[in-house]
Amino acid sequence: IRDEESGYNKNLFCIPKHYEEDLERVFIPHGLILDRTERLARDIMQDMGSHHIVALCVLKGGYKFFADLLDHIKALNQNGDKSVPITVDFVRIKSCC
């Protein structure tokens, strides 16, 4: 996103009531994030070839993205020409003070 990007009018989206007063604009629509997540899954599958994938999720903030990414990878695994083994694990990291 370029610095001069003005984003989208928030009235074009369904914004939860408790965020309405805090938001001015939407810079990245949810659909674009989903599309880029699916593309990332394709890139991972292509780059990994037939190698075992070890997926590591950093809790708490990364869980939703991680789950969406794994869903796309699993779909590619089921519908593709090859099936790649995947191991999933989670870590919790304490922020620096």
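The values are calculated or read from the model by the stated rules, or taken from the named source; none is laboratory data. Just so we're clear, the structure is a prediction, and the values are computed from it rather than from any experiment. With ideal geometry, Cβ positions are generated from the backbone for all residues, glycine too; neighbour counts draw on all protein chains shown. The accessibility values were calculated without ligands, DNA or RNA, using every heavy atom of the protein model including side chains. Shrake-Rupley method; radii C 1.70, N 1.55, O 1.52, S 1.80 Å.
Quick notes
- Residues being modelled with pLDDT under 90 and touching an Asp or Glu at 6+ places or on another chain (Cβ under 6 Å) - total across region 8-61: 0
- Residues located in region 34-65, provided they are surrounded by 13 or more Cβ atoms within 10 Å (Cβ to Cβ) and assigned to a helix (DSSP H, G or I): Thr37, Glu38, Leu40, Ala41, Arg42, Ile44, Met45, Met48, Phe65
- Subset of region 10-29 (residues that are in contact (Cβ under 8 Å) with a residue 12 or more places away in the chain and open to solvent by 100 Å² or more (accessible area, probe 1.4 Å)): Leu12, Glu24, Phe27
- Within region 14-33, tally of residues that are in contact with a helix residue (DSSP H, G or I) (Cβ under 8 Å, 6 or more places away or on another chain) and not in a helix (DSSP H, G or I): 4
- Annotation note: of Gly61, Gly7, the sole residue that is free of Cβ contacts under 8 Å to residues at least 40 places away in the same chain and on the phi > 0 side of the Ramachandran plot is Gly7.
- Within region 66-91, being open to solvent by less than 40 Å² (accessible area, probe 1.4 Å), over 13 Å from Ser50 (Cβ atoms) and outside any helix (DSSP H, G or I) holds for no residue.
- Residue check for Asp47: of a type in the set (Asp, Glu) and touching a residue at least 24 places away in the same chain (Cβ under 8 Å): no
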